[in-house]
Amino acid sequence: MVVPSGGQFYVAEVVGDPYYDESHPVAAYRRPVRWLNDKKPIPRELASAALQSRMKARGTLLDTSDLVKDIEKVLEDAKRGETPNLARGTSRPHGGGRAPGAHPRPHEPRPL
């Protein structure tokens, strides 16, 4: 299950049967889940274009079974600490893989 939330999203695995919870009259039917990625949000930019597009669709429930590989990959990237690199349209480990204090690469802005 993919749960969009602003510029981020959460991923969970459904682990039980549906049940009715009267304390939530608007969305009373629920299912128990196990939150993945330690219930930490994942930036949408880490998701594939197909998964990002699916998260933009309107509705309360959409089938993402065709995107399971994309969801597994984004979970792996998030666990490795990847962050979006919007300039290149890819992701990279925190710090860009450089040692602390290393000089920026020529194509990256230098601090003042």
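Quick one: which of Arg58, Arg80, Arg88, Arg105 is under 16 Å from the mean Cα position of the chain (by Cα) and either at pLDDT below 95 or basic (Lys, Arg) (or both)?
Arg80 is the lone residue from the list that is under 16 Å from the mean Cα position of the chain (by Cα) and either at pLDDT below 95 or basic (Lys, Arg) (or both).
Does any residue in the range 46-61 that is without any contact (Cβ under 8 Å) to a residue 40 or more places away in the chain and under 16 Å from Ala12 (Cα atoms) come within less than 8 Å, Cβ to Cβ, of a residue that is not β-branched (Val, Ile, Thr) and not in a loop (DSSP other than H, G, I, E, B) six or more places away or on a different chain, and which pairs are these?
Going by the 8 Å Cβ cut-off, the qualifying pairs are Ala47/Phe9; Ala47/Met55; Ala47/Asp70.
Restricting to the range 48-64, count the residues that are loosely packed, with under 10 Cβ neighbours inside 10 Å and touching a helix residue (DSSP H, G or I) at 6+ places or on another chain (Cβ under 8 Å).
Kept after step one, since they are loosely packed, with under 10 Cβ neighbours inside 10 Å, are these residues of the range 48-64: 49, 56-61, 63.
Then keep just the ones that are touching a helix residue (DSSP H, G or I) at 6+ places or on another chain (Cβ under 8 Å); that gives none.
Summing the residues that are loosely packed, with under 10 Cβ neighbours inside 10 Å and touching a helix residue (DSSP H, G or I) at 6+ places or on another chain (Cβ under 8 Å) in the range 48-64 gives 0.
Any chance you could count how many residues in the range 7-44 are free of Cβ contacts under 8 Å to residues at least 12 places away in the same chain and either touching a strand residue (DSSP E or B) at 6+ places or on another chain (Cβ under 8 Å) or surrounded by 12 or more Cβ atoms within 10 Å (Cβ to Cβ) (or both)?
Final tally of qualifying residues: 5.
The values are calculated or read from the model by the stated rules, or taken from the named source; none is laboratory data. Computed from a prediction, not measured in an experiment: that's the story for all the values here. Every residue, glycine among them, receives a Cβ derived from its backbone with ideal geometry; neighbour counts consider all protein chains shown.
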